[in-house]
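The values are calculated or read from the model by the stated rules, or taken from the named source; none is laboratory data. These numbers come from a predicted model, not from an experiment. Cβ coordinates were reconstructed from backbone atoms using ideal geometry, including for glycine residues, and neighbour counts include every protein chain displayed. Each accessible area value is taken on the protein alone, full model and side chains, heavy atoms only, with ligands, DNA and RNA left out. Shrake-Rupley method; radii C 1.70, N 1.55, O 1.52, S 1.80 Å.
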Amino acid sequence: MKHLLAGTAFAVALGIGSAAMAAPISACLITKTDSNPFFAKMREGAVAKAKELGVELSIAAGKFDGDHESQVSAVEACLASGAKGILMVANDPVQIAPLMQKARDAGVLVIALDTPLSPADAADMTFATDNFGAGELIGKWAAAKLGDGAKDAHIAMLDALPSFPTIDQLRDQGFMKGFGIDIGDPKVIGDEKDPRIVGHEVTQGSEEGGVTAMEKLMAADPNVNLVYTINEPSAAGAYQALVSMGKAKGITIVSVDGGCPGVKNVAAGSIGATAQQYPLQMAALGVEAIAKFAQTGQKPEATEGKTFFDTGVALVTDQPMPGIDSIDTTEALKLCWG
């Protein structure tokens, strides 16, 4: 586990006396991987806030997307170190939940970042994008973009790891609701009956996975004209596949993430619209909440009307649609993953 020792000047920010500074607050950030730019931005936000507040921050990650065992080891090391709080982006929200509940029972503040645990109340709070809302935004935009053609759309769904009732389902089902499709069971991917859905393929959230998934779905239905992707790397892969097949023109791709490379792809026209998240803010707020909890015992509260702390989302497109709030790529590039 990487270890970062910050300074001790957090008393002013939290309104705490000098006596409290004698025992530094320690916390752990555990992400799905350390290679994904999304999680790199999280680390950036967490490290900066830890330095500002004088929090000793340890950082760990899975070796690959889906690596549950490495995260278990990281949590155990974190608990052994006496940390006051854990920021967790779970690879397996179901299997990790009992261990996180054990941490809570030991008096450690557990905050899920980006990915809700399953059950969600295995964490004290989730700091995340409204992933259902993010999906709904791109679904509404896509329906408006297709206009009258939406009723006869041929939609390819490029998912990530649809085995957990968390981000994948939320974005997927949000997109369908926004587009006007009956989603069936909101915790299940692929049970919808709408004939406009060509099929679902897993991408692992990667560019390579996007290529393979797009090829399979185009083979199933060469008339695909709308592509939903779980994130922007898979969208980039889908576009590559369509270009190689000579079918990129006339097919609209929508996605979720809002990272700088994805926003540039929107500007270039390979992605029609994306929903922008703010992971740096997500992690910074998480560190702040741990520092406050360690000093006052106060736990973070959910955003009014929601069951989690909503860190914000914005629709990014250079093709705005009437009645749908959006920002253009110039503005989004200034904000990407901030």
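Only one residue of 266, 291, 228 has its Cα farthest out toward the positive end of the dipole of the chain, where Lys and Arg carry +1 and Asp and Glu -1 on Cβ, and that residue is 291. Secondary-structure-derived ellipticity at 222 nm for the chain, considering helices only, amounts to -12000 deg cm²/dmol, per-run term -39500 (n - 2.57) for DSSP H runs with n ≥ 4. Computed over the chain with a Gaussian network model linking Cα atoms closer than 10 Å, the most mobile of 84, 249, 187 is 249. A Cα-only calculation for the range 249-338 places Rg and Dmax at 16.4, 57 Å.
What does the net charge come to around residue 82 if you take all other residues with beta carbon closer than 14 Å to its beta carbon, with K and R at +1 and D and E at -1? Taking every Cβ under 14 Å from that of residue 82, the sum is -1.
In plain terms, the C-alpha convex hull of the chain casts an average shadow of 16.5 nm² when viewed from every direction.
In terms of its alpha-carbon gyration tensor, the range 122-239 comes out oblate; a/c meets the 1.5 threshold, while b/c is at least as large as a/b. Write down Rg/Rh for the range 182-231, rounded to two decimals, with Rg from the C-alpha atoms and Rh from the Kirkwood relation over Cα pairs. Rg divided by Rh gives 0.97.
Between the amide H of residue 114 and those of 127, 128, 129, distances stay under 5 Å, these residues lying 5 or more places away or on another chain, with hydrogens modeled in the peptide plane. Structural descriptor for the range 142-206: relative contact order 43 percent, calculated from alpha carbon pairs under 8 angstrom and at least 6 residues apart. This model, with +1 at the C-beta of Lys and Arg and -1 at the C-beta of Asp and Glu, gives the range 179-284 a dipole about its Cα centre of some 320 debye.
Near residue 218, once Lys and Arg are set to +1 and Asp and Glu to -1 for all other residues with Cβ below 13 Å from its Cβ, the sum equals -1.
Compactness of the range 64-188 is given as radius of gyration and Dmax, 17.6, 59 Å, from Cα positions. Extending 7 Å from the Cα toward the beta-carbon at both residue 299 and residue 328 defines two label points whose distance is 4.6 nm. A cut-off of 5 Å between modelled amide H atoms, ignoring neighbours fewer than 5 places along the same chain, links residue 327 with 315, 316, 317. Based on Cα contacts under 8 Å between residues 6+ apart, the range 133-175 shows a relative contact order of 67 percent. Computed over the chain with a Gaussian network model linking Cα atoms closer than 10 Å, the most mobile of 101, 71, 169 is 101. Taking the accessible area of the chain, probe 1.4 Å, and keeping the other protein chains in place, the carbon and sulfur fraction comes to 53%.
Here the range 171-294 is treated as an ellipsoid with the same Cα gyration tensor; its semi-axes, largest first and in whole Å, are 29, 19, 12. For residue 33, the residues whose modelled amide H falls within less than 5 Å of its own, excluding neighbours fewer than 5 places apart on the same chain, are 62.
Test of understanding: express the Cα radius of gyration of the range 57-97 as a ratio to 2.2 N^0.38 Å, with N the residue count.
1.09
With all protein chains kept in place, the per residue accessible area of the range 108-222 amounts to 37 square angstrom at a probe of 1.4 angstrom. Note: relative contact order over the chain, using C-alpha pairs below 8 Å and six or more positions apart, is 17 percent.
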